[in-house]
1. I'm told Gly48 meets every condition in (1) exposed (fewer than 10 other Cβ atoms within 10 Å of the Cβ); (2) at pLDDT 85 or above; (3) small (Gly, Ala, Ser) except one. Can you identify the failing condition by its number?
2. Would you pick out the residues in segment 18-75 that are of a type in the set (Phe, Trp, Tyr) and farther than 22 Å from Phe90 by Cα?
3. For segment 1-57: of the residues being charged (D, E, K, R) and not in a loop (DSSP other than H, G, I, E, B), which is nearest to Thr79 (Cα to Cα)?
4. Residue check, Asp88 against (1) in contact with a helix residue (DSSP H, G or I) (Cβ under 8 Å, 6 or more places away or on another chain); (2) surrounded by 13 or more Cβ atoms within 10 Å (Cβ to Cβ), all met but one. Which one?
5. Given the criteria part of a loop (DSSP other than H, G, I, E, B), of a type outside the set (S, T, N, Q), touching a Gly at 6+ places or on another chain (Cβ under 8 Å) and modelled with pLDDT under 90, does Pro114 qualify?
6. For segment 73-103, what are the residues that are farther than 17 Å from Arg12 by Cβ, touching a Phe, Trp or Tyr at 6+ places or on another chain (Cβ under 7 Å) and not aliphatic (A, V, I, L, M)?
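The values are calculated or read from the model by the stated rules, or taken from the named source; none is laboratory data. These figures come from a predicted structure and were not determined experimentally. Cβ placement follows ideal geometry from the backbone for every residue including glycine, while neighbour counts extend to all protein chains displayed.
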Amino acid sequence: MEQILPRSPHRRYPACTGGARQAPPESCRSVEDFLELRMRWPLVIVAGRLAEFLGDLLDCGEDRVRAAEFLAEHREELTELSGLARLDDFDKNALNTALHALDLTTACLPEDEPA
């Protein structure tokens with residue numbers, strides 16, 4: 001890339017007009033994988049498991065060392081569960097902001113050349 005030019009009002013840029021949820025996790029190689037994941041981990045099960053973790057963490061009380069050990073021991077599962085809990089989150093404005101921020105592919109094209 002030679003330079004980054006300002007956005008042109010004469011160009012069309014990608015934009016999201018709607019959606020229902022986030023993209024499937026990278027580990028899902030197909031629609032079937034994603035549907036199987038959703039059936040195996042419905043939101044109510046994910047929420048229940050996260051509540052169990054929260055209860056165990058609260059049981060640590062003021063013992064920060066014990067709490068840190070607990071989090072370290074369960075970090076991988078907590079990370080996976082938090083991702084599963086957010087599968088139905090979708091923020092069109094945040095996505096469009098990210099798309100506009102990534103608008104570098106057409107920046108080097110002349111104004112009269114289509115993207």
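1. Just one mismatch for Gly48, condition (1).
2. First pass over segment 18-75, keeping only residues of a type in the set (Phe, Trp, Tyr): 34, 41, 53, 70.
Across segment 18-75, the qualifying residues are Phe53, Phe70.
3. Of all residues in segment 1-57, those charged (D, E, K, R) come to 2, 7, 11-12, 21, 26, 29, 32-33, 36, 38, 40, 49, 52, 56.
So of that shortlist, the ones also not in a loop (DSSP other than H, G, I, E, B) come out as 32-33, 36, 38, 40, 49, 52, 56.
Values: Glu32: 22, Asp33: 19, Glu36: 19, Arg38: 16, Arg40: 17, Arg49: 12, Glu52: 15, Asp56: 16 Å.
Selected residue: Arg49.
4. (2)
5. Values: part of a loop (DSSP other than H, G, I, E, B): yes; of a type outside the set (S, T, N, Q): yes; touching a Gly at 6+ places or on another chain (Cβ under 8 Å): no; modelled with pLDDT under 90: yes.
So Pro114 does not fit the description; no.
6. Residue satisfying the conditions is His74 alone.
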